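Below is one structure, written out as structure tokens, with a few remarks after it.
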Amino acid sequence: MATLNVLILVCLGYVVLLFGVAFAADRMAAAGRGAWLRSPLIYTLSLSIYCTAWTFYGAVGNAARSGLEFVTIYLGPTLVMLSWWWGLRKLVRVGRTQRVTSIADLISSRYGKSNTLAICVTILAVLGGTPYIALQLQSITLSFSIFAEADPSGLYREGSSVFWVAAGLAVFAILFGTRNLDANERHHGVVTAIALESVVKLFALLAVGVFVVWGVAGGIGPMMDRIDASEIGQWNVDAGRWTTFIFLSAAAFICLPRMFQVMVVENADEGHLRTAAWAFPLYLLLMSLFVVPIAVVGLDLMPEGSNPDLFVLTVPLSQGNDWLAMLSFIGGFSSATSMVIVTAMALSTMVSNHLVMPIWLSTQGGAGSVSGDVRNVVLMARRVSIAVIMALGYYYYRLSGGGAALASIGLVAFAGISQILPALVGGLFWRGATRTGALVGLTVGFVLWIYTLLLPGMGGAIMPDSVLQNGPFGWGWLRPQALFGIEGMDPMVHSVMWSLALNTAAFCAASLLSFPSPLERLQGAQFVNVFDHSVSPAGWTGSVAQSEDLMIMTQRILGSGPAQEFFQHEAEAQGGRTSLPEPTPGFLERLERELSGSVGAATAHAMIGQIVGGSSVSVEDLLAVADESAELLEYSSQLEAKSAELSRTARQLREANTKLTQISEQKDGFLSQVSHELRTPMTSIRAFSEIMRDTDGLSAEEQTRYAAIIHDEALRLTRLLDDLLDLSVLESGRVSLNLGGDTLGSILDRAVSSALAGSHLKLKIRRARPSERIPLNTDLDRLGQVFINLISNAQKYCDADEPVLSISAHDVGGQVVIDFTDNGSGIPPEAQSMVFEKFARVGGDKAGGAGLGLAICREIMQRLGGEISYLPGQGGAAFRVRLPLAHRQAAQ
Amino acid sequence: MNSGEDRKPLGVRPSPFLERQSYRRRRLMDAARLLPILGAALVAIPLLWPSQGSSEDGVPLSSAILYIFTCWALLIVISLIFGFAARRMVVSDDAEAESD
């Protein structure tokens with residue numbers, strides 16, 4: 001009879017063997033040998049950590065209680081593996097292209113690298129993993145107790161043994177899982193050890209099965225008869241549980257952190273899935289092949305009330321086959337240890353990456369940039385988190401009393417971890433899935449799982465029976481196992497149905513209502529269309545001739561002179577003989593700074609990243625590059641706008657200058673004109689007044705004639721001075737308007753008659769009298785003055801043989817428009833802009849005006865609220881007078 | 001799967017042999033996609049069996065075991081065949097098959 005001491009020795013020896021295998025595998029991988037370490041077979045075997053101690057012992061117990069129901073736990077993963085082509089392949093491809101380290105990393109990466117989400121998934125995974133670890137503790141403890149019963153020394157105590165098993169597994173996991181730090185790299189050693197354990201547990205279970213079928217029952221035929229004759233001899237599986245458990249195990253197979261670790265993170269080649277697609281279901285089939293026979297024989301052979309969970313051990317023991325029992329114990333031990341190692345590895349990676357490191361880095365404030373510091377912190381964080389996770393498992397075991405059936409604890413864990421499924425599947429197949437949706441869905445599912453399954457399962461200490469019976473505060477519709485009053489369901493089915501249904505609904509609704517950030521949308525596209533975005537992921541190539549590439553790039557950006565100088569300087573600083581420096585971190589940093597001066601920090605970082613290769617360009621880098629270019633574009637468009645404004649101002653200045661020059665010339669011309677104008681009458685006045693003074697005997701007739709000339713000239717002078725005075729009064733704004741009402745027709749009548757009166761020049765005036773019946777309320781004399789001026793201008797300057805002046809009036813948009821058009825040759829274009837200036841005169845001084853008439857007209861029209869302008873292209877000189885209508889003006 | 005559809009691509013492209021091969025590959029992918037549905041259907045059949053009723057007309061557990069494990073083995077064999085076929089065929093151009 002094997003004693004406890006022998007058992008412990010065997011366990012320790014087995015652990016040492018595992019260590020040896022792991023160590024050797026790591027050595028081989030490091031040396032580049034051992035391609036078989038990355039073979040599909042090892043990959044498939046490593047997947048079988050799905051079969052834990054729960055599977056090993058609990059499946060038989062489950063079969064003994066409820067027949068074939070246990071098989072659902074294997075059918076789910078089988079279906080998942082069969083759908084590898086459109087499911088797992090995508091997951092693995094995404095995991096490899098995004099270089100994810102855990103399922104929390106994957107979810108966070110998909111939803112815009114949100115650490116909040118990563119923390120949520122981590123907490124969920126830890127809480128879901130806790131019952132599972134409790135399960136392993138329970139199974140090992142129970143198997144110990146079987147051997148202890150047979151041990152005569154009687155030293156065994158269950159309470160302390162659980163503690164020591166937990167502590168031992170923690171140490172084991174710490175030693176195994178945190179030996180090397182790099183979570184991105186594959187753990188060849190661990191994976192190989194797990195593969196070995198898979199073989200051991202399969203072999204152990206098959207050995208027990210073969211022993212039971214051929215050694216106890218006496219062959220397949222008798223075995224089948226015995227099965228039908230047993231108390232579980234009929235198909236007796238609840239349809240709801242059957243469907244739910246198949247679905248649940250399929251979901252958990254994808255979502256369990258340890259499955260994700262071996263399936264995605266440790267995957268060396270996508271092609272391995274092709275083999276695992278049939279080999280892993282085969283493994284599962286073999287694992288479950290002898291479960292029912294063992295259960296049936298156990299029920300037959302073992303005394304009433306013995307624990308069916310341990311038939312795998314107790315049946316060989318009862319038959320006196322100690323060595324088979326020992327083998328089966330090792331198989332169960334293998335199942336437990338491999339599960340705990342990988343779970344602890346996966347969970348501690350998540351905890352340290354998403355919980356501890358962000359907190360530690362924020363408290364350090366960037367002071368701990370020495371790489372050694374971080375390594376130690378990460379290792380420490382992982383070790384501590386493994387210990388904490390194991391402690392949680394131990395605590396859960398104590399709380400749940402350790403008596404519950406193994407299978408139900410495993411299912412609790414499955415239901416918890418399956419809450420990730422909507423966010424995961426949605427993230428892989430639906431681009432519209434958002435971070436908010438994932439967060440809301442996870443939270444809803446998580447809370448419901450805790451409330452409907454985890455807490456009720458932990459016994460009366462946490463959730464009192466009154467709550468279970470009547471709901472919290474007596475609210476019956478919130479009873480944990482009959483939500484919304486739906487009673488009579490299996491608690492498991494009830495919890496899974498509600499939590500996953502509401503989780504999915506919340507996920508979809510919140511995704512539809514929220515709007516993702518740019519990073520999220522980019523990542524979403526990369527995940528959902530991963531096969532369009534990625535070729536088969538290539539490994540990192542060694543950095544060959546990086547310095548040369550860097551040199552070429554730098555020359556392009558900085559110019560060859562400065563670039564060569566910079567590189568030369570760096571090479572000298574490194575003490576190298578060649579002109580190219582080694583691409584050390586310091587050098588790269590300085591180069592990046594140098595380049596960022598030219599192309600912006602993000603661009604420089606991305607360019608160096610491209611060449612040096614080690615770090616690929618992240619989406620943040622690209623976004624920063626886009627921001628920088630957007631800023632540059634903005635800046636340059638601002639410059640463009642400013643330069644356009646400047647050139648516009650310059651043109652205006654040039655125009656103003658030209659005008660000023662013209663005006664100045666006009667003024668000079670006028671001064672000479674005015675002096676001439678003043679001088680001519682003054683000369684004749686002086687001459688005739690001298691004649692009258694000095695000449696005696698002038699006839700009366702002559703005297704009258706000379707006096708008339710003097711009078712005329714004086715009048716002319718007065719008129720000139722009047723005009724000047726009038727203009728200055730108008731310009732200074734001191735004029736007061738004398739408003740009155742009349743129609744346009746009568747104003748024009750008076751103006752035409754006074755303009756044509758007493759003139760020898762003939763001018764035919766053409767008018768359209770019906771259109772002139774427009775009432776005006778304005779200064780009638782001033783307006784008449786404008787009209788007189790325009791008519792007499794036409795009279796004076798129209799050079800046609802039979803001068804005709806057309807006067808037409810329209811009402812245009814609340815304004816009166818009066819056009820004065822003659823049939824002469826008009827005003828030459830170069831003079832058109834000057835006609836309204838003071839002292840402007842067109843075509844010399846043949847009519848003897850002072851050039852003030854139109855200037856006065858313009859001033860008057862401005863005072864009256866209208867305007868006067870020259871209309872080019874009318875065939876002759878054409879002036880347009882605009883004036884507001886009477887009622888408008890009256891209203892003002 | 002469906003031999004009637006084979007004729008369609010023959011007239012369109014100049015190289016019938018290659019086209020036929022890639023056509024076969026597409027149908028192989030279809031088979032791979034359909035396999036889990038077949039599996040789910042087979043696994044769902046026990047839902048139709050009478051259970052928990054009278055002990056006389058129930059399905060004996062040995063028959064249930066035979067049925068489930070036979071289906072299981074069948075699925076594994078199909079998956080195995082597909083795995084080998086895919087390995088032979090997909091080696092050449094992975095990208096084309098993926099874009100389908």
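Sorted from greatest to least, the principal axis extents spanned by the alpha carbons of the stretch A:645-725 come out as 77, 19, 14 Å. Arranged from fewest to most other beta-carbon atoms within 10 Å of their beta carbon, A:His188, A:His569 become A:His569, A:His188. Were the residues from A:Ala501 through A:Ser514 laid out at 0.36 nm apart, the gain over their Cα-Cα distance would be 2.7 nm. Return the FRET efficiency for the residue pair A:Lys642, A:Val817: r is the Cβ-Cβ distance, R0 is 41 Å, and the value is rounded to the nearest 0.05. Result of the calculation: an efficiency of 0.50.
In debye to the nearest 20, how big a dipole does the stretch A:645-725 give about its Cα centre with +1 on each Lys and Arg Cβ and -1 on each Asp and Glu Cβ?
Values: 11 positive and 14 negative charges, 124 e Å.
Roughly 600 debye, rounded to the nearest 20.
Applied to the stretch A:137-149, the Karplus parametrisation 6.51 cos²θ - 1.76 cosθ + 1.60 on θ = phi - 60° returns per-residue 3J(HN,Hα) values of 4, 4, 5, 5, 4, 4, 5, 4, 5, 4, 6, 5, 4 Hz, with x for Gly and Pro. Legend: distances between Cα atoms for A:Lys659/A:Lys838; A:Lys667/A:Lys796; A:Lys90/A:Lys201; A:Lys764/A:Lys796; pairs beyond 21 Å are A:Lys667/A:Lys796; A:Lys90/A:Lys201. Would you grab the residues whose amide H sits under 5 Å from the one on A:Ser806? Only those 5+ places off in sequence or on another chain, please, with H modelled 1.01 Å from N. Those lying under 5 Å, H to H, from A:Ser806 are A:Arg766, A:Thr821, A:Asp822. At an R0 of 45 angstrom, the distance between the Cβ atoms of A:Glu690 and A:Ile663 translates into a FRET efficiency of 0.70.
The distance linking the stretch A:31-52 with the stretch A:60-89 is 21 Å (Cα centroid to Cα centroid, whole angstrom).
What does the average come to when, for each residue of peptide A:78-88, you count the partner chain Cβ atoms lying within 10 Å of its Cβ? Could you put the intermediate results ahead of the total?
Numbers: counts 8, 9, 2, 5, 13, 8, 6, 11, 4, 2, 0.
Taking all residues of A:78-88 together, the mean is 6.
Extending 7 Å from the Cα toward the beta-carbon at both A:Trp164 and A:Glu565 defines two label points whose distance is 7.6 nm. Qualifying trypsin sites (Lys or Arg not before Pro) in the stretch A:740-769, where qualification requires a DSSP coil assignment and no more than 15 other C-beta atoms within 10 Å, comprise A:Lys762. By the count of other C-beta atoms within 10 Å, a proxy for reagent exposure, A:Trp323, A:Trp235, A:Trp360 are ordered fewest to most as A:Trp323, A:Trp360, A:Trp235. Other residues within the sphere of radius under 12 Å centred on the Cβ of A:Ser108, judged by their own Cβ, net out at +1 (K and R +1, D and E -1).
Taking the Cβ of A:Asp781 as the center, what net charge do the other residues with Cβ under 15 Å away carry, scoring Lys and Arg +1 and Asp and Glu -1? Value of the local net charge: -3.
Taking a point 7 Å out from the Cα of A:Glu304 in the direction of its Cβ, the residues of the stretch A:228-252 whose backbone N falls within less than 16 Å of it are A:231.
Per residue, the convex hull spanned by the Cα atoms of the stretch A:709-754 measures out at 107 cubic angstrom. Taking amide H positions as modeled 1.01 Å from N, with prolines and chain starts lacking one, the residues under 5 Å from A:Asp779 and 5 or more places away or on another chain are A:Gly740. Placing R0 at 25 angstrom, the Cβ-Cβ distance between B:Ala73 and B:Asp30 gives a FRET efficiency of 0.65 after rounding to 0.05.
Placing pseudo-labels 7 Å out from each Cα toward the beta carbon at A:Asp801 and A:Asn738 gives an inter-label distance of 4.4 nm. Across q = 0.11, 0.17, 0.28 Å⁻¹, the stretch A:246-318 modelled as identical point scatterers on its alpha-carbon atoms has Debye log10 I(q)/I(0) values of -0.47, -0.80, -1.23, in the order of the q list.
When the Cα convex hull of the stretch A:1-129 is projected onto planes of every orientation, the mean area is 12.5 nm².
Quick note on the stretch A:736-891: its Rg to Rh ratio, both from C-alpha atoms and Rh being the Kirkwood radius, is 0.94. Ordering A:Ile420, A:Ile146, A:Ile341 by the number of other Cβ atoms within 10 Å of each residue's own Cβ, fewest first, gives A:Ile146, A:Ile341, A:Ile420.
Since every read-out is calculated from the coordinates, none of them should be taken as a lab result. Values in this document were obtained by computation on a predicted structure and should not be read as measured data. No Cβ is skipped: glycine too gets one built from the backbone with ideal geometry, and neighbour counts run over all protein chains shown.
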